Structures are given as structure tokens and as C-alpha cells.
Amino acid sequence: MDINYDLAVGTTRELNQKLNAAATKDADVSFRVLNPKGAHTLAVGMTSNISVDIQGHVGYYCGGMNQNAHIKVLGNAGPAVAENMMSGRVTVSGSVSHYAGASAHGGLLVVQGDSSSRCGISLKGANIVVQGSVGHMSAFMAQSGSMVVCGDAGDALGDSLYEAKLYVRGNVASLGTDCVEKTLLDEHKREIDGLLERAGVTGADASEFRRFGSARKLYNFDVDNADAY
């Protein structure tokens, strides 16, 4: 069942109430959101296994705290898209602003354009695929999960990184504190291939990516590493 909701005549509060009221068992429900015009906090706190297609640009926190839903933005997204996502999938056909996927625990975030700074900040288990490039301090304090960047990465990639896995196909401007390049093994190539396939990315070979991870020097305070903190 397809349901249209026009934000030119409705409100964000009413839309989110309707989305969250959709029956979890009815996976055939699909919402089409018209005229978003950069509205904030669209499709937040979703717990139903439904599809939500947003026909235009959105503001901050779109798809935040998502569980189960498949949310697609046919445009660009403001700061913190898919923030604290638990499961499901958020896809943005354009580019995204700061903090994309911040603190996301699970699910998949796909950005078909570029991402601004701090993409994947404090990542806690979700997977992020960016077909373009990411800005500075991406994956800052990322704890677990994986981020695949098909383009370039800005300065201080992976600063204060824990156990998240970072894969970059293009150039890296600089690495953050305690982030180092590591050997790309077959198991990592399989992971890259799997994430690219799930994200619908074609024409990228896993062997073209470089792998980055934590040097594990900041796990416990050591006076010899004081300057790095």
C-alpha cells in the first residue's frame, strides 16, 4: 500500500506520528513524502519495517534513531542524517552535511554523493558507504563498524579511532591521532565487496581500497604518549 504525505499542507509532527503508527508486520506499506523543502527531523525514531521515500532535500537529523525502516532521501541531507541509527537502512541520493551516521549502532547508511566533516563520528557498529568523498575528522572516535569511502578523505581521518574499520579508495589528506594504515587482507576485500554490493555501487574494485585502523596506543593512558591525547 502506497501512502502519499504532502508537507506543503501537513506538519512534520503529524508525518512522524503516521510513520511510527504504521504496523510493524505490514512490510508492504510505503510512504512517499512530498515537498520536504529542507524540513528537519523527518522520519525519526522509526521502528516499523516500512519504506519511506522523501522526494527532495531534508534538514538535520533525518532518519535519526532508525530501526527497521528503509528511508531514502531523493536529494541532499543536512547535519546528522541517520544519527544513532540502530538498524534498517538510510540512503541519500545526493550529498550530506556534517556528522552523518553519528553514533550509529547498526544498519546501513549509503551516501551517493559526498559527505562533509566528521562522517561516522563515534560510530558504534553501523556500516557507512560513501560513493564520493568525506571531509575532515571523519570517523573521529569511531568504535566499531565499517566505513567505505569511494572517493577521498579529508584531514585527520580516524582521529582517536578504536576498532572501526576504514576503507578509502582515493587520497587521504592526513591521518588523525592513533590512526594508521594497515594491510588489506582478503577478508577485508570480501567485506568491501559485500558493502558495495549492498549499497548498489558498481565499478569499484575492492583491491583499489586502502585499509586504516587503530594503532591502539591510546586505549590506556601512558605518560610516554601524553602529547598525543
**Qualifying lysines (Cα of each under 21 Å from Cα of Lys18; at least 8 residues distant if same chain)** = Lys37, Lys72
**Request:** For the chain, find the longest principal axis of its Cα atoms and tell me its angle to the long axis of helix 12-21, 0 to 90°, nearest 10.
**Result:** 90
**Prompt:** Normalised by the residues of the chain, what does the relative contact order come to in percent, with Cα pairs under 8 Å and at least six apart?
**Reply:** 10
**Item:** Angle between the chain longest axis and helix 186-199 axis [Cα atoms, degrees, rounded to 10]
**Value:** 20
**Complete:** Cα-based Rg and Dmax for region 138-229, in Å, come out at 13.7, 47
**Request:** For a footprinting-style exposure proxy, rank Arg32, Arg169, Arg13 by other Cβ within 10 Å, fewest first.
**Result:** Arg13, Arg32, Arg169
**Message:** Give me the Å³ per residue figure for the convex hull around the C-alpha atoms of region 1-113.
**Reply:** 72
**Message:** Sequence gap at least 6, Cα distance under 8 Å: using those rules, report the relative contact order of region 1-113 to the nearest whole percent.
**Reply:** 18
**Prompt:** So which lysines pass the test for Lys182, namely a Cα distance under 23 Å, with those fewer than 8 places away in the same chain ruled out?
**Reply:** Lys124, Lys165, Lys217
**Prompt:** Considering only the chain, what is the antiparallel percent among its DSSP beta bridges, to the nearest 5?
**Reply:** 15
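Coordinate-derived values only; no laboratory data. Just so it is clear, the structure is predicted and the values come from calculations on it, not from any experiment. Backbone-built Cβ (ideal geometry, glycine too); neighbour counts: all protein chains shown.
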